[in-house]
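Asker: Dropping a structure here in structure tokens format, bear with me for questions.
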Amino acid sequence: MIFSGHFRRFPRAVYAYFTHGLRMASIRKLESGKYRAEIARQGKRSSKVFPTKTAAKEWAAREEFLLLNADDSPASITFGELMQRYARERSPQKRGARWEMIRLERFCRDEIAGVNLADLTPAVFAEWRDRRLEEVKPASVARELQLMSSVLNVARKEWGLMKANPLSDVRKPSKPPGRERLPSDDELARLQFSAGEDLSTATARAYHAFRFALETAMRAGEIAGLVWDRVDLTKRVAHLDHTKNGRPRDVPLSSEAVRLLEALPHADPVFGLESRQLDALWRKLRDRAGVAGLTFHDSRHAAITRLSKKLDVLALARMVGHTDLRQLQTYYNETAEELARRLD
């Protein structure tokens, strides 16, 4: 199967759900250097020659679906079947594949999965939205509606199964106001005391990672995944291969950020912590220090607010990895009092 490498990281139940009945196409390299793709499903066969292996695989995936649904139309294809196809063909190509597939599998257990594409209307999705809002927060519903909309857009634009996306006319839940929680000097002192100075302990390194985040605006996952061969202390640059938006970026390091790195005991990854471990240690450390409501991600707010006084908006966006300058508004938390002092 062309995305088996991705599925190995997923829960077995999700793997079984989306691969049930799916057989691998046969891709053979010919003496001419080209590739022949052959599929056989339920007595139906088809084959074609392509100049590259990638093209052969893509054709095989599309043709397999068409063979199974040769007589299908939007009137007979269900939304659940559409989401299953999206999970097989599109989700594995994304950095957030695991998140997508778990949610698509959940959607497929909902009654909306049984609705035929021809019967999907804004009213159907509005009813689903209202039911879902009784279970989770508006921000979660908004993210889930966005995923559904992505499925429908691919079905409309690339698979030719729909003429319009019914979710375009559905009101999305209002986003909550952005967080404005910044750590105070007193809270930082309490966290430092609670963590201790011994960086051979994981708890101390968890707080050390938070201080590093305050200098760099790097996310917790980016810090946990940082390795030494991607850090140049002389040039003061950390290279990130894997980021939230899927694009690599170089993060400039302040002299304090370099000092924090040099203070760490040698380990690879640099902080010697996995993402889940860092999250758990941070929560325990925060609660033990009696610091209420502060998340590790709040360090990004604090860092961007501080860095905005040193960098222009384009340089800041480049450093923190924002491709849309409006995203900076979410994290920029300078107070009116602070702005007033800058006017003099």
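The values are calculated or read from the model by the stated rules, or taken from the named source; none is laboratory data. Predicted model, so just to flag it, every value in this text is computed and none were measured. Cβ: placed from backbone, ideal geometry, glycine included. Neighbour counts: every protein chain shown.
Asker: Tell me, please, whether a residue that is under 28 Å from R318 (Cα atoms) and surrounded by 13 or more Cβ atoms within 10 Å (Cβ to Cβ) can be found in segment 154-162.
Answerer: Scanning segment 154-162, I find no residue that is under 28 Å from R318 (Cα atoms) and surrounded by 13 or more Cβ atoms within 10 Å (Cβ to Cβ), so the answer is no.
Asker: In this structure, does P269 turn out to be within 17 Å of T201 (Cα to Cα) and assigned by TED's automatic domain parsing to the domain that holds T201?
Answerer: yes
Asker: If you don't mind, there's one more thing I want to ask. In segment 304-317, is there at least one residue being crowded, with 20+ Cβ neighbours inside 10 Å, touching a Ser or Thr at 6+ places or on another chain (Cβ under 9 Å), within 30 Å of P92 (Cβ to Cβ) and at pLDDT below 90?
Answerer: no
Asker: Please state which of the following conditions S194 fails to meet, knowing it meets all the rest: (1) assigned to a helix (DSSP H, G or I); (2) buried (at least 18 other Cβ atoms within 10 Å of the Cβ); (3) not assigned by TED's automatic domain parsing to the domain that holds L226.
Answerer: Failed condition: (3).
Asker: For A317, are the conditions met, namely being in the same structural domain as W228 (by TED's automatic domain parsing), without any contact (Cβ under 8 Å) to a residue 40 or more places away in the chain and within 23 Å of the chain's Cα centre (by Cα)?
Answerer: yes
Asker: Here's something else I'd like to know. Checking A139 against (1) in contact (Cβ under 8 Å) with a residue 24 or more places away in the chain; (2) assigned by TED's automatic domain parsing to the domain that holds R88; (3) not in a helix (DSSP H, G or I), which single condition isn't satisfied?
Answerer: The single condition A139 does not satisfy is (3).
Asker: Look at A155 and say whether it is within 13 Å of M83 (Cα to Cα) and in contact with a strand residue (DSSP E or B) (Cβ under 8 Å, 6 or more places away or on another chain).
Answerer: Judged against the criteria, A155 is not a match.
Asker: What pairs come up if the first residue lies in segment 51-79 and is farther than 27 Å from V124 by Cα and among the charged types (D, E, K, R), the second is surrounded by 14 or more Cβ atoms within 10 Å (Cβ to Cβ) and modelled with pLDDT of 70 or more, and their beta carbons are under 6 Å apart, counting only those six or more places apart or on different chains?
Answerer: K53/Y35; E63/I39; E63/S46; E64/I39
Asker: Related question: Within the group R95, R129, R103, R109, which residue is outside the structural domain of H242 (by TED's automatic domain parsing), in contact (Cβ under 8 Å) with a residue 24 or more places away in the chain, on the phi < 0 side of the Ramachandran plot and not in a helix (DSSP H, G or I)?
Answerer: Only one candidate qualifies: R95.
Asker: Mind listing whichever residues of segment 257-273 are under 25 Å from K244 (Cα atoms) and either in contact (Cβ under 8 Å) with a residue 12 or more places away in the chain or buried (at least 20 other Cβ atoms within 10 Å of the Cβ) (or both)?
Answerer: A257, V258, L260, L261, D268, P269, V270, F271, G272, L273
Asker: Would you be able to say whether some residue in segment 267-275 is of a type in the set (D, E) and assigned to a helix (DSSP H, G or I)?
Answerer: The answer is no, given that none of the residues of segment 267-275 is of a type in the set (D, E) and assigned to a helix (DSSP H, G or I).
Asker: Please go through segment 281-301 and pick out each residue that is assigned to a helix (DSSP H, G or I) and closer than 22 Å to L199 by Cβ.
Answerer: L281, W282, R283, K284, L285, R286, D287, R288, S299
Asker: Kindly indicate which of L260, L264 is in a loop (DSSP other than H, G, I, E, B), in the same structural domain as H297 (by TED's automatic domain parsing) and not small (G, A, S).
Answerer: L264
Asker: Right, next: State whether the residues of segment 226-238 include one that is assigned to a loop (DSSP other than H, G, I, E, B) and small (G, A, S).
Answerer: no
Asker: Another one. State whether the residues of segment 252-271 include one that is modelled with pLDDT of 75 or more, out of contact with any Ser or Thr (no Cβ under 6 Å at 6 or more places or on another chain) and of a type in the set (F, W, Y).
Answerer: Yes: segment 252-271 contains one or more residues that are modelled with pLDDT of 75 or more, out of contact with any Ser or Thr (no Cβ under 6 Å at 6 or more places or on another chain) and of a type in the set (F, W, Y).
Asker: Next question, about the same structure. If we keep just the residues of segment 197-229 that are over 20 Å from L285 (Cβ atoms) and surrounded by 17 or more Cβ atoms within 10 Å (Cβ to Cβ), which is farthest from the chain's Cα centre (by Cα)?
Answerer: Taking the candidates together, the pick is A217.
Asker: Let me ask you something else. Have a look at G96, G114 and point out the one that is exposed (fewer than 14 other Cβ atoms within 10 Å of the Cβ) and in contact with a strand residue (DSSP E or B) (Cβ under 7 Å, 6 or more places away or on another chain).
Answerer: Result of the check over G96, G114: G114.
Asker: May I pose another question? Would you please list the contacts, defined by Cβ atoms under 9 Å and residues six or more apart or on different chains, that run from a residue in segment 274-289 that is among the hydroxyl-bearing types (S, T, Y) to a residue that is in a loop (DSSP other than H, G, I, E, B) and surrounded by 14 or more Cβ atoms within 10 Å (Cβ to Cβ)?
Answerer: Pairs found: S275/G225.
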